[in-house]
1. What are the pairs with Cβ atoms under 6 angstrom where one residue, in the range A:132-155, is touching a residue at least 60 places away in the same chain (Cβ under 8 Å) and the other, located anywhere, is of a type in the set (Asp, Glu) and crowded, with 18+ Cβ neighbours inside 10 Å? Sequence gap at least six, or different chains.
2. If A:Val20 meets every condition in (1) touching a strand residue (DSSP E or B) at 6+ places or on another chain (Cβ under 7 Å); (2) under 30 Å from B:Cys103 (Cβ atoms) apart from one, which number is that one?
3. Could you tell me which residue of the range B:60-81 is farthest from the other protein chains (Cβ to nearest Cβ), considering only residues that are under 18 Å from B:Thr48 (Cα atoms) and part of a helix (DSSP H, G or I)?
4. Under the condition of being aliphatic (A, V, I, L, M) and assigned to a loop (DSSP other than H, G, I, E, B), which residue from the range A:167-207 is farthest from A:Ala370 (Cα to Cα)?
5. Name, by its number, the condition in (1) over 21 Å from A:Gly361 (Cβ atoms); (2) in contact with a strand residue (DSSP E or B) (Cβ under 6 Å, 6 or more places away or on another chain) that does not hold for A:Ile492.
6. So how many residues does the range A:233-249 have that are in a loop (DSSP other than H, G, I, E, B) and within 24 Å of the chain's Cα centre (by Cα)?
7. Go through the range A:20-46 and give me each residue that's over 30 Å from A:Arg65 (Cα atoms) and either more than 8 Å from chain B (Cβ to nearest Cβ) or free of Cβ contacts under 8 Å to residues at least 24 places away in the same chain (or both).
8. Being facing chain A (nearest Cβ under 9 Å) and among the hydroxyl-bearing types (Ser, Thr, Tyr) is the filter; apply it to the range B:94-152 and report the residue that is surrounded by the most Cβ atoms within 10 Å (Cβ to Cβ).
Amino acid sequence: MSEFKIVGKPIPRHDAWSKVTGDLKYADDFSLPGMLFAKVLRSQYPAAKIIFINTGKAEQLDGVRAVLTAKDVPHNETVTKFGQSTEVGKGFEGLYRVLAEKKVRFMGEAVALVAAETEEIAEKALDLIEVKYEPLPGIFDPLEAIKPGAYLVGENNTNIIGEFGCHQGDIEKGFAQADIIVENTYKVPFVDHAYLEPEAGISWIDDYGILTIRVSTQVIEHFRDVADVLGLPHNKVRYIGTMMGGGFGGKEDITVETYLALLTWKTKKPVRLVYTREESILCHSKRHPFVMKYKVGAEKDGKLVALDAELISDAGAYPYLSLWVTLYATVNAAGPYCIPNVKVRAHCVLTNNTFTSANRGFGAPQPNFAYESIMDELSHKLNIDPLEIRRRNCLTTGKALATTGQVFKTYVALPEVAEKAWKALGESTECKKDEDRKIGRGLAIGLMSYGRMTFLHDSSRCYVRLESDGSVLIRSGIPDLGGGQISLLCQIVAEELGVPMSQVKIYHSDTALTPLAGTTTATRQTYMSGNATLKAAREIRNRILNKAAEILNVNQDKLDIINEGVLVNYDPSQYVPLVEVIKACNADGIELFYEAQFNAPFTITPDLSNIKGITFPDFTFGAQAVEIAVDTETGQVEILKLTTCYDAGKAINPLSVEGQMEGGSIYGMGYALTEEVIMEKGITMTPSFAEYIIPTAVDVPDVKAILVESGGGLGPYGAKGIGEPSCSIIAPAILNAIYDAIGVRIKSLPATPEKIIRALKKDYFKK
Amino acid sequence: MEEHRVELTVNDEKISAVAKAEESLLKFLRRNGFSEVKCGCEKGECGTCTVILNKKAVKSCIVLALQANHKEVWTVKGMEKLELGRKLQESFVNYGAIQCGFCTPGMILTAKDYMDKNPIPDRKEIKKAISGNLCRCTGYKKIVDAIYDVAVENYKLEGEIYV
């Protein structure tokens with residue numbers, strides 16, 4: 001194909017108008033006649049024995065239709081999955097318990113469910129359920145939980161649920177070679193996704209007895225898990241995914257669906273369940289806190305020679321995706337650097353804190369904060385410019401990832417992105433000598449995979465059909481969490497079939513009617529579903545071109561489809577309208593529909609104690625830089641400039657890619673400065689947006705997004721994934737800038753004004 | 001719970017319905033089919049439920065339905081009928097200011113109300129005006145771009161009037 005007409009253009013997304021007019025129906029905007037309202041009774045204790053549950057009074061309340069506890073759940077214990085259809089084993093599929101039984105493990109754990117005629121009655125019924133608890137001591141610090149003899153969160157004889165390792169070279173020899181060694185422990189907190197749409201869904205039984213759930217989810221493949229809980233055949237449960245009001249990984253695990261399914265199955269009535277904001281913050285997964293012990297050795301010229309990292313992740317009360325996240329962190333632990341001698345060990349530990357699972361970045365932001373803080377420290381100690389030290393050590397095309405040895409066969413945009421981000425900060429902002437406001441700059445680089453771990457054998461499917469009037473229909477199971485995942489498929493099809501976006505209609509996220517496209521997680525949809533869609537569209541394109549070649553009597557490779565017509569590219573006057581070609585195809589019985597499957601590269605599950613070789617299809621590389629002002633009186637940090645530069649391979653819609661880069665930066669800025677779900681002995685102290693502080697419009701700079709398009713990605717037209725990588729690097733850039741401004745190094749996120757003031761005073765005392 | 005009849009106009013159309021004494025305007029509107037008014041926190045913290053009540057942007061979760069009696073409410077659905085509203089919608093679409101879209105209705109109404117009073121704000125004023133409306137997806141840049149573009153257009157129009 002010659003030039004792009006639709007791909008690569010900053011065009012409005014297919015869903016933009018329906019959102020701006022308020023026409024789009026989110027999960028909570030849908031109701032059915034006779035629908036019941038559900039509420040969930042949640043544990044007030046982070047660790048306790050359940051002595052008894054008495055639901056009698058609640059059941060007798062007028063208007064209550066069902067009260068369910070663990071004993072009413074056909075299969076209360078299954079395993080957590082996230083859409084994969086391959087068996088992976090090795091402990092990845094942890095316990096999924098629908099309702100607490102015998103013991104509660106975290107505050108907010110679901111204990112009982114109610115369905116009633118009104119929300120008010122359902123709430124009242126919750127108050128009438130009697131639960132007798134016997135509080136247990138619990139354990140809340142993963143460093144304590146890892147010790148032998150610690151309080152046991154679950155039923156196993158250890159709190160450790162996973163161990164991972166990577167070894168390359170000879171670590172002792174490496175450190176012996178070093179002229180300088182930096183050793184630090186870094187800590188990162190619990191983080192909430194804070195999507196603005198709380199978890200919501202509605203369920204009903206259709207005319208043929210199919211349990212149908214319309215829900216805000218990143219993973220419609222959970223229909224299988226719900227079926228397993230109810231003991232139903234998989235084809236008797238149907239998910240209809242709604243456009244999400246944000247996901248960020250928080251809608252990757254099952255949220256409301258199992259509860260809805262159980263209540264609808266019991267009452268045979270439609271049921272709606274919507275979490276309150278408080279319930280959302282208390283009860284859905286969090287980003288993993290990590291304690292990261294790092295030791296890095298370098299030679300005088302800044303050349304890295306050894307890295308030793310020990311990571312401990314807090315899984316909270318149930319495993320969910322903790323093992324996966326910890327594996328990601330292990331693979332990411334040495335960052336985008338060439339280091340000959342590496343040793344990484346990671347432990348994933350249960351505690352009685354709220355469970356942790358996927359959160360945008362999935363194990364990448366945590367180690368990134370650690371290794372980029374160290375790189376900055378090395379740059380200061382060795383008196384090498386922060387960009388230069390990264391230049392001397394960064395991965396380049398053909399080099400191998402320091403942890404696993406995976407070789408980068410596609411273009412590695414380092415140090416290119418770092419140079420561009422750093423340079424784009426421009427002239428320094430002036431500040432007066434005696435002012436309390438100190439200016440500083442920071443840089444960080446990083447990498448993150450796009451596409452799932454290769455041993456999950458990931459695939460995506462898409463169906464495309466060309467109608468007789470030249471309009472196009474797509475069917476794809478793809479969920480859209482707001483990133484424009486769906487619109488992207490429309491753009492690809494419009495490009496390939498030479499029709500405007502307005503001629504393309506997509507039906508999406510329905511497990512009964514759309515081919516399964518896999519999860520909207522792992523920054524995989526551009527890559528996976530983009531490729532599946534491209535494959536389907538190209539097949540139909542070829543059939544059209546083939547027929548048109550006959551009609552025009554020219555070679556097929558001389559033809560192009562533009563503006564709903566097929567033309568000869570060296571002589572556009574030789575032209576046949578698309579509808580005429582379609583007519584001819586239909587007359588000859590040529591099928592103008594196609595369902596394609598795209599498979600990612602498949603590997604076997606690695607040895608987890610020493611992960612080697614290919615674990616991910618490919619990586620996205622980026623760099624972020626900031627200029628900040630620190631008020632030394634108040635500890636307040638203001639971001640003056642923020643630049644972000646990524647190699648997106650090919651930006652299929654530059655508006656969407658920039659949107660990810662801008663939004664990702666600010667998501668990461670919250671991580672750096674304000675966001676922490678504070679848990680005191682398992683009790684969440686920040687259950688609202690008044691306490692859990694995400695950035696507002698006045699807190700943010702105008703992010704400058706610089707797009708590199710190397711064309712080197714594995715996605716359609718050379719695209720790479722951008723959603724998660726875009727948020728994973730900014731925190732250390734900001735903290736490095738704080739050091740540059742005031743000479744104190746904060747080693748735990750977030751860098752709140754309190755921490756900064758305290759750190760400053762400590763330094764004053766030293767003087 | 002005590003119930004009262006509430007009569008009001010929503011997007012220039014008369015509505016008459018019963019509201020419970022303690023019912024928020026947000027719940028009342030959503031219950032009566034105005035699902036474009038989003039519910040993000042019900043505590044006045046996120047701004048997704050913003051509507052314009054008698055020419056003032058309010059968070060409808062912390063206003064009682066009864067307080068809207070005999071008043072005029074605008075939701076994002078009504079913006080198509082108003083010049084500034086329509087312009088803001090178009091600009092949000094063209095600038096890619098919408099990702100998940102959950103904050104969009106509230107954001108547009110806040111911007112519309114503010115620009116009715118200050119038609120040519122600068123970027124800083126825009127940021128301040130929308131600071132009560134949270135957005136988790138965009139990082140605000142494209143939202144500010146979209147609103148600012150309407151301000152620039154207003155400026156140009158004003159120029160034409162005076163020249």
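The values are calculated or read from the model by the stated rules, or taken from the named source; none is laboratory data. Predicted model only: the values in this text are computed from it and were never measured. So basically every Cβ, Gly included, is an ideal-geometry build from the backbone, and we count neighbours across all protein chains shown.
1. Qualifying pairs under 6 Å: A:Pro142/A:Asp314.
2. (1)
3. The initial filter retains those residues of the range B:60-81 that are under 18 Å from B:Thr48 (Cα atoms), namely B:60-65, B:73-79.
Pick out the ones that are also part of a helix (DSSP H, G or I) and you get B:60-62, B:65, B:76-79.
Details: B:Ser60: 13, B:Cys61: 10, B:Ile62: 13, B:Ala65: 15, B:Val76: 4, B:Lys77: 5, B:Gly78: 9, B:Met79: 8 Å.
Among them, the one singled out is B:Ala65.
4. Within the range A:167-207, the match that is farthest from A:Ala370 (Cα to Cα) is A:Leu196.
5. (2)
6. 8
7. Hits for the range A:20-46 are A:Val20, A:Thr21, A:Gly22, A:Asp23.
8. If we take residues in the range B:94-152 being facing chain A (nearest Cβ under 9 Å) and among the hydroxyl-bearing types (Ser, Thr, Tyr), then B:Thr104 is surrounded by the most Cβ atoms within 10 Å (Cβ to Cβ).
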